[in-house]
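See structure below.
The values are calculated or read from the model by the stated rules, or taken from the named source; none is laboratory data. Computed from a predicted structure; not experimentally measured. When we count neighbours, we look across all protein chains shown, and the Cβ atoms used for this are built from the backbone with ideal geometry, even at glycine.
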Amino acid sequence: MTSWILKALGLDAGEVDGIIDWSLRWETVQWGFLAAVLMGGLSLLSWVLYRRSPRDLPGARRFLLVTLRMMFLGLVIAIFLQPVVVLTLVKEVPRTLPLLMDRSGSMSLQESGGVSRLQRAQGAFASPDGQEMLLSLKQDMHVPTFTFHESSLEEWDELEPPLVAAGEKTAVGEAVRQVLERYRGAPLAGVVVVSDGGQNSGVSLGAVARQLKDAGVALYTVGVGDPKVRDVAVEAVEVREVLLADDAAPVTVKFRTQGMKGDSGRVVISMSGVDVAEENVRIEADGLQQVTTLFIPKQRGEYVMDARFEVDNGVEALSENNTGRTVLRVVDRRLKVLLLDQAPRWEFKYLEAMLLRERRVDLSCFLFEGDRETARIPGSPYLEQFPARAEDLFDFDLILLGDIDPSLLAEDRLSLLSDYVATAGGALTVIAGKRFMPSAFSRTKLEQLLPVELSGASFGPAKSLSVRPLRLGLTPAGRESVMLRLGDEPQASEALWRGLPPIYWAAAVQRAKPAAEVLLTRPDPSSASGEAPVLALHRYGAGEVLFVGTDNFWRFRRNVGARYHTILWGQIIQRMAGARLLVESPRATLRSNGRHFEQGDRVQVYARLFTESWDPREDQRVEAVLATEDDPERRENVILRAVPSQPGMYRAELSAGLPGNYRLAVSGDEIATLDFTVTDNNREYTRASLNEGLLRDLSADTGGVYIPLARLRELPAAITERRTRLTSLMEIELWSSPLFFGLILLILVAEWVVRKVSELK
């Protein structure tokens, strides 16, 4: 019936599946009243005329003739009113199911039988079962097929010659995003991704999953590869950027293992190709692990440090991910440390004694209440007076500021300390005390330097918190900080901290400042978190400030001697003073947004340059030279331009080029250098196993299904929304349609036949 109506209206019945609604509209409705009057008059006339017909005409036939005449007149008048019928049409159309095949570098990995993942996946689609599966999908869906690697999305015929895995990155999210853009507005049955789940580049999978979910599009993933392969991958090499020659330094190597529980191997550390340390490892469980070993750098210079994991039996899925790399500098000079305090309290005495024993530290001391004659003893570390000139104070790598009466640190001295940190890039460590520090420095320049906010009521000496012992706790940042590492492993270090003797005093502070990093806390019932910072660090201008909220670290010596007290303060001093070791002169410093880059990364370089009198340089631009260790002849000029409103500051941005070790040098009154390393950005082999969990979670989050490649035939059954109903509106001008005029003709013929039968003229 529907198809007959559609054909009668002049429509192709094959283009639609039905009519779900209709309505009638009159185009010239303003003539409606006149048409009604005219219709009424003509109908009355028709009735009168037919009443004058012969008396023997049956009444039913007379009524039929009048009705036919009225219908005819009505249709004629309707022509002038221009009726339009509005139809709501429905059509079921096939949905689109894009299918994406991953052909990134990781798909070239060979597993059982010497067949790569890509070959196995393509073979599954080309097999009779695979072709039957595709045919089932294509019966009632449009199934375009693509391959992808990195950001490239290419059309693919599953029957064409074998694909070749390529690319140094896997960008599953980017490929799906491109497909969504390509088929924007089209009804999708879902998106199928055939991959090993090695996402390592491009748009995050989480963002794409949210985009799919919002659009109501399910992601169906087909996993390729073995989720339980034997593999070990080095993920990070952690060591201080600057080390002192002939000084034992720890290096931590983080690695991830799978399928290797109970195996053994060794981590080998090398510097510029020369092995310097080795640590045996027994793998007790799969997952992320780490090992820390010590090595002693001998000669100053710039080094590339490699850490490689060697498996004893040599059997693993992938060896390309067994090495990690970082860069470091070895210097052969002593750290210049200035220790300031009011009087020789316990923490001062132990700290002084420890630093005097350190051959790597050149210690200077000044006590505001000390005997000036002590400074005149040959070999004494004591100064006769507080360094009052920038040239004298700025030369120190680290200043340790103790419990000093604010009246002894006049405004000019506080300003000098502020300039030391903010301008000269110095490191300041403030050690709290019971008499003055930090409470007595409220509303001074020193308070601005601190990484903590002082209590508003603290204008006099700080109150002692010695009612009961205080146990210190590591924050997540503290557990990762090299300054607080007491053991080789994070777990061992945390256990040692829990076993340390308690302290009996800590300074009362409100909270850490927003940009500060809290490393160590104490219980504080008065705060919302129940904790208060004891060790907090933040950047201030070009330098750093560390707040030590207690002078009770010396209590860590109880029962264990100087071991942990020495380790803690030694690491604090090494970390805080280490920044100065990166530069030849504090008057000329170069820093960047990293030390290790991949090809194509943006390298942001900042230079802070001063004259001999510590006045900022006023040049509009500064020239630097970029050279590579691997090819000394290859040099590039780099222009650093002055940063507006920041005197002495210059900036440049460059692209990380070919892999190698680079040095950027700025010459002038002082020479400043910056060293960094560029490596290739091949991330394809950091994980050998199928990331089944990732693919499964992505599918579940979007309403899709995860299917292993071995069960590829199950894919058609998983996709239920194969067709969609599309609705459209169509307007048909009845007054000009063949149906309308055919109806008029039919009525006229019917009236003629009835009249003839009735023997009327």
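Can you find even one residue in the stretch 290-302 that is free of Cβ contacts under 8 Å to residues at least 24 places away in the same chain, surrounded by 15 or more Cβ atoms within 10 Å (Cβ to Cβ), aliphatic (A, V, I, L, M) and touching a strand residue (DSSP E or B) at 6+ places or on another chain (Cβ under 9 Å)? Please lay out each step first, then the result.
Going through the stretch 290-302, the residues free of Cβ contacts under 8 Å to residues at least 24 places away in the same chain turn out to be none.
Among the residues of the stretch 290-302, not one is free of Cβ contacts under 8 Å to residues at least 24 places away in the same chain, surrounded by 15 or more Cβ atoms within 10 Å (Cβ to Cβ), aliphatic (A, V, I, L, M) and touching a strand residue (DSSP E or B) at 6+ places or on another chain (Cβ under 9 Å), which makes the answer no.
Assess whether Arg621 counts as being in contact with a Phe, Trp or Tyr (Cβ under 9 Å, 6 or more places away or on another chain), of a type in the set (D, E, K, R) and exposed (fewer than 14 other Cβ atoms within 10 Å of the Cβ). Even if it seems obvious, please write down each step before you answer.
Numbers: in contact with a Phe, Trp or Tyr (Cβ under 9 Å, 6 or more places away or on another chain): yes; of a type in the set (D, E, K, R): yes; exposed (fewer than 14 other Cβ atoms within 10 Å of the Cβ): yes.
For Arg621, the condition - in contact with a Phe, Trp or Tyr (Cβ under 9 Å, 6 or more places away or on another chain), of a type in the set (D, E, K, R) and exposed (fewer than 14 other Cβ atoms within 10 Å of the Cβ) - is met.
Looking at the structure I just gave you, is Val603 touching a residue at least 60 places away in the same chain (Cβ under 8 Å) and outside the structural domain of Arg357 (by TED's automatic domain parsing)?
On the way: touching a residue at least 60 places away in the same chain (Cβ under 8 Å): yes; outside the structural domain of Arg357 (by TED's automatic domain parsing): yes.
Yes: the conditions hold for Val603.
Please go through the stretch 629-656 and pick out each residue that is of a type in the set (A, V, I, L, M), over 13 Å from Arg617 (Cβ atoms) and touching a residue at least 40 places away in the same chain (Cβ under 8 Å).
Within the stretch 629-656, Ala652, Leu654, Ala656 meet the criteria.
Against the definition (outside the structural domain of Ala642 (by TED's automatic domain parsing), surrounded by fewer than 17 Cβ atoms within 10 Å (Cβ to Cβ) and either outside any loop (DSSP other than H, G, I, E, B) or among the hydroxyl-bearing types (Ser, Thr, Tyr) (or both)), how does Ser613 come out, yes or no? Working first, answer last.
On the way: outside the structural domain of Ala642 (by TED's automatic domain parsing): no; surrounded by fewer than 17 Cβ atoms within 10 Å (Cβ to Cβ): yes; either outside any loop (DSSP other than H, G, I, E, B) or among the hydroxyl-bearing types (Ser, Thr, Tyr) (or both): yes.
No; evaluated as a whole, the condition is false for this residue.
Do we find that Thr257 is surrounded by 20 or more Cβ atoms within 10 Å (Cβ to Cβ), β-branched (Val, Ile, Thr) and in contact (Cβ under 8 Å) with a residue 12 or more places away in the chain in this structure? Outline the logic, then answer.
Numbers: surrounded by 20 or more Cβ atoms within 10 Å (Cβ to Cβ): yes; β-branched (Val, Ile, Thr): yes; in contact (Cβ under 8 Å) with a residue 12 or more places away in the chain: yes.
Yes, satisfied.
With a cut-off of at least 1 residues that are in contact with a Gly (Cβ under 9 Å, 6 or more places away or on another chain) and surrounded by fewer than 19 Cβ atoms within 10 Å (Cβ to Cβ), name the strands (runs of 3 or more DSSP E) lying wholly within the stretch 469-586. Talk me through it step by step, then tell me what you get.
Working: elements: 509-512, 517-523, 531-540, 543-548.
It comes to 509-512, 517-523, 531-540.
Any idea which residue in the stretch 364-387 is nearest to Arg587 (Cα to Cα), counting only those that are at pLDDT below 85 and in a loop (DSSP other than H, G, I, E, B)? Show your work before the answer.
Taking the stretch 364-387 first, the residues at pLDDT below 85 are 370-379.
Still in the list and also in a loop (DSSP other than H, G, I, E, B): 370-371, 377-379.
Numbers: Gly370: 32, Asp371: 33, Ile377: 32, Pro378: 31, Gly379: 29 Å.
The extreme case among them is Gly379.
Mind telling me which of the residues Val222, Val234 ends up being assigned to a strand (DSSP E or B) and touching a Phe, Trp or Tyr at 6+ places or on another chain (Cβ under 6 Å)?
Numbers: Val222 fails: touching a Phe, Trp or Tyr at 6+ places or on another chain (Cβ under 6 Å).
Matching residue, one of Val222, Val234: Val234.
Search the stretch 187-208 for residues being in a helix (DSSP H, G or I) and surrounded by 20 or more Cβ atoms within 10 Å (Cβ to Cβ), and hand back the single one that is modelled with the lowest pLDDT.
The initial filter retains those residues of the stretch 187-208 that are in a helix (DSSP H, G or I), namely 205-208.
Subset that is surrounded by 20 or more Cβ atoms within 10 Å (Cβ to Cβ): 205, 208.
Details: Leu205: 68, Val208: 78.
My answer is Leu205.
Those residues that are of a type outside the set (Gly, Ala, Ser), surrounded by fewer than 19 Cβ atoms within 10 Å (Cβ to Cβ) and within 45 Å of the chain's Cα centre (by Cα), I need them from the stretch 379-411; list them, please.
Residues satisfying the conditions are Glu391, Asp392, Asp395, Glu411.
Pairs, please: C-beta under 6 Å, at least 6 apart or cross-chain, first residue over 14 Å from Leu690 (Cβ atoms) and in the stretch 703-720, second assigned to a loop (DSSP other than H, G, I, E, B) and among the aliphatic types (A, V, I, L, M)?
Between residues of the stretch 703-720 that are over 14 Å from Leu690 (Cβ atoms) and residues that are assigned to a loop (DSSP other than H, G, I, E, B) and among the aliphatic types (A, V, I, L, M), the close pairs are Gly703/Ala218; Gly704/Ala218; Ala718/Val705; Ile719/Ala189.
Which residue out of Ala577, Ala562 is small (Gly, Ala, Ser), at pLDDT 80 or above and touching a Phe, Trp or Tyr at 6+ places or on another chain (Cβ under 8 Å)?
Values: Ala577 fails: touching a Phe, Trp or Tyr at 6+ places or on another chain (Cβ under 8 Å).
Being small (Gly, Ala, Ser), at pLDDT 80 or above and touching a Phe, Trp or Tyr at 6+ places or on another chain (Cβ under 8 Å) holds for just one of Ala577, Ala562, which is Ala562.
Return the total of residues in the stretch 229-287 being farther than 18 Å from Asn313 by Cα and either among the hydrophobic types (A, V, I, L, M, F, W, C) or within 27 Å of the chain's Cα centre (by Cα) (or both). It would help to see each step written out before you state the result.
Just the residues of the stretch 229-287 that are farther than 18 Å from Asn313 by Cα, to begin with: 235-254, 269-277, 287.
Adding the requirement that they be either among the hydrophobic types (A, V, I, L, M, F, W, C) or within 27 Å of the chain's Cα centre (by Cα) (or both) leaves 235-245, 248-249, 251-254, 269, 271, 274, 276-277, 287.
So the answer is 23.
Taking the condition touching a strand residue (DSSP E or B) at 6+ places or on another chain (Cβ under 9 Å) and of a type in the set (Lys, Arg), does Arg325 pass?
Details: touching a strand residue (DSSP E or B) at 6+ places or on another chain (Cβ under 9 Å): yes; of a type in the set (Lys, Arg): yes.
Against the criterion (touching a strand residue (DSSP E or B) at 6+ places or on another chain (Cβ under 9 Å) and of a type in the set (Lys, Arg)), Arg325 qualifies.
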